[in-house]
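Shown next, in structure tokens, is the structure this report addresses.
Each value in this text was obtained by applying a stated rule to the coordinates, not by laboratory testing. Everything quoted here is computed from the prediction, not taken from an experiment. Neighbour counts run over all protein chains shown; Cβ positions are idealised from the backbone, glycine included.
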């Protein structure tokens, strides 16, 4: 079956589909009878109609440099089938063939293919893949904007937390403290038991949304997530509590909510 690829905007696409393969109305004429007859098990009329009604929108991006400024352009490639089966020659064009296909119960289907983003990137709001590891406007997730303008491994740094260390940790929320990560930036992290936390040397040793905290009250650098994303009850989910207390907490002492 023949396919035609065209470049259109999304708004133009809706018009193209509406006026091409999906007209309103249904005429039971010779075209309809030919298509209906083909729908029996020995002929693929229904399958042909289904293929004819399938439109595909593929989102693509390209970059261009104008006067030294690099910009990304998002565009869409739309593929719409155009070939009518020979047995439906009485249909005399796409409008009649589409009407006959509608008569036998086939409906249009549009498939949108979005970009496949690699590790550490994410397509935000249908746009091109964004770097969520260091983009301060999409830090760790689409739309998560860092007030400090600094995103480290998908976690926002907090300027007011710079220079913090165990023994002089400032609070930054309920059961939350200011810590320092491997690059020396401050961030706000939860007060949780040290024992379950992963060892680390660099921020890249940790999962996206975590940093390698080097200034907690644990005896080692540990991977720690953002306090904003941690549940307040997280600290109480480790058992037994006495064992967790004995092995230390990122904030130095267990939160009062445990007592």
query = Once the piece of chain linking residue 253 and residue 145 is laid out straight, how much longer is it, given 0.36 nm per residue of separation minus the C-alpha distance between them?
reply = 35.8 nm
note = Per-residue Cβ contact counts at 10 Å, fewest first, order 73, 104, 57, 80 as 73, 104, 57, 80
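Find how much the distance from residue 74 to residue 160 grows on full extension, using 0.36 nm per residue of separation minus their present alpha carbon separation; answer in nm with one decimal.
27.2 nm
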key: Computed label-point distance, nm, for sites residue 65 and residue 125 using a 7 Å Cα→Cβ extension   = 2.8
ask   = Where in region 82-101 does the label zone of residue 37 land, with the point 7 angstrom along Cα→C-beta and an amide N cut-off under 14 Å?
value = 86-91
Kirkwood hydrodynamic radius over Cα pairs of region 71-144, then Stokes diffusion coefficient at 37 °C and 0.692 mPa s, in µm²/s = 204
